[in-house]
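Colleague: Pasting a structure below so you can have a look.
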Amino acid sequence: MGRIGQEIAERLQVLNSRIIYHSRSPKDVPYPYYANLTDMAQAADVLVCITPGGPSTRKLINRDVLDALGPEGMLINVSRGTVVDEAELVSALQEKRLGYAGLDVFEAEPRVPEALFAMPNVVLLPHVGSATHETRAAMAALTVDNLIQFLQDGSVLTPVPECAGI
């Protein structure tokens, strides 16, 4: 439930969605927090995965989480492909242990598992969430602002926690 998670939650409010979340730690937000991801998946209809990639989140969405979502559940992964155990995802969809998936990232990009193409309960899209003129202009401006800030005092406006100490 970082910055992007909060933005998604705000947009989902329009649909009267019940928002729950799992994160490394509770946040100061008005939504119920689940310390255990599998417990949260069991309580959810749709799991939107937006976590950073890296060793600590590799295959975070595993068989237990997929089974907890269940045959009516939906996984939407817009984070990193390595966050989902893709072989387990394909099996869960084929065996109808998971109902639906919406994916725009894949474990071994640009390769997409062939089995996913034929599934009527799966939506596949290239990772294009930032591919608008406005977003790209804002990203460029933020990069410049970060560089200026760094050259002024060695800090940045938008630090990346996974890059601390690099």
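The values are calculated or read from the model by the stated rules, or taken from the named source; none is laboratory data. These numbers come from a predicted model, not from an experiment. Glycine gets a Cβ as well: all are built from the backbone with ideal geometry, and neighbour counts include every protein chain shown. These accessible areas exclude ligands, DNA and RNA; they are computed on the full protein's heavy atoms, side chains included. Shrake-Rupley method; radii C 1.70, N 1.55, O 1.52, S 1.80 Å.
Colleague: Just need log10 I(q)/I(0) for region 1-87 at q = 0.19 Å⁻¹, Debye formula, equal scatterers on the alpha-carbon atoms, no solvent, rounded to two decimals.
Modeller: Taking Cα atoms of region 1-87 as identical point scatterers yields -0.86.
Colleague: Can you give me the relative contact order of the chain as a percent, contacts being Cα pairs under 8 Å and 6 or more apart?
Modeller: Working: 215 pairs, mean separation 22.4, N = 166.
Relative contact order here is 13 percent.
Colleague: Follow-up question, since we're still on this one. Can you give me the accessible area per residue for the chain, using a 1.4 Å probe, in Å²?
Modeller: Details: 10650 Å² over 166 residues.
Here the per-residue accessible area is 64 Å².
Colleague: With a cut-off of 18 Å, note down the residues of region 43-77 whose backbone N falls inside the zone around a label point 7 Å from the Cα of residue 115 toward its beta carbon.
Modeller: Residues 59-77 qualify, since their backbone N sits under 18 Å from the label point.
Colleague: Pulled fully out, how much extra length does the chain show between residue 141 and residue 4, if you take 0.36 nm times their separation in residues and subtract their Cα-Cα distance? Please list the in-between numbers first.
Modeller: Working: separation 137, 0.36 × 137 = 49.32 nm, distance 1.83 nm.
Extending this stretch completely gives an extra 47.5 nm.
Colleague: Still on this model: With both bridge residues required to lie in the chain, what share of the DSSP beta bridges run antiparallel, to the nearest 5%? Don't skip to the end; give the middle numbers.
Modeller: On the way: 1 of 14 bridges.
Of the beta bridges lying entirely in the chain, close to 5 percent run antiparallel.
Colleague: Additional query: Could you work out what % of the accessible surface of region 12-166 is carbon and sulfur, using a 1.4 angstrom probe and leaving DNA, RNA and ligands out of the count?
Modeller: Values: 5730 of 9830 Å².
Carbon-and-sulfur percentage of accessible area, whole number: 58.
Colleague: Continuing with this model, one more query. I'd like the projected area of the chain, averaged over all directions, using the convex hull of its alpha carbons. Report it in nm² with one decimal. Could the numbers behind the result be given before it?
Modeller: Values: hull surface 45.2 nm².
Its Cα hull, projected and averaged over all orientations, spans 11.3 nm².
Colleague: Give, in nm to one decimal, the length gained when the segment between residue 28 and residue 62 is fully stretched (0.36 nm per residue of separation minus the Cα-Cα distance).
Modeller: Details: separation 34, 0.36 × 34 = 12.24 nm, distance 2.75 nm.
Gain on stretching residue 28 to residue 62: 9.5 nm.
Colleague: When all protein chains stay in place, what accessible area (Å², nearest 10, 1.4 Å probe) is found for residue 33?
Modeller: In the full protein context, residue 33 sits at about 70 Å².
Colleague: In square nanometres and to one decimal, what's the mean projected area of the convex hull around the Cα atoms of region 84-166?
Modeller: Result: a mean projected hull area of 7.9 nm².
Colleague: Any chance you could look up the accessible area of residue 119 with a 1.4 Å probe, heavy atoms only, rounded to 10 Å²?
Modeller: Per-residue accessible area (residue 119): approximately 20 Å².
Colleague: Translational diffusion coefficient, Stokes-Einstein: compute it for region 65-122 using the Kirkwood radius over C-alpha pairs as Rh, at 37 °C and 0.692 mPa s, and state it as an integer in µm² s⁻¹. Present the calculation step by step, with values, prior to reporting the outcome.
Modeller: Numbers: Rh = 11.2 Å.
It comes out at roughly 293 µm²/s.
Colleague: Count charges around residue 100 for me, please; just the other residues with Cβ under 15 Å from its Cβ, Lys/Arg as +1, Asp/Glu as -1. Working shown, then result.
Modeller: Numbers: positive: 96, 97; negative: 45, 67, 72, 95, 104.
That works out to -3.
Colleague: Quote the accessible area belonging to residue 17 in square angstrom, nearest 10, computed with a 1.4 Å probe and with ligands, DNA and RNA left uncounted.
Modeller: The value for residue 17 is about 40 Å².
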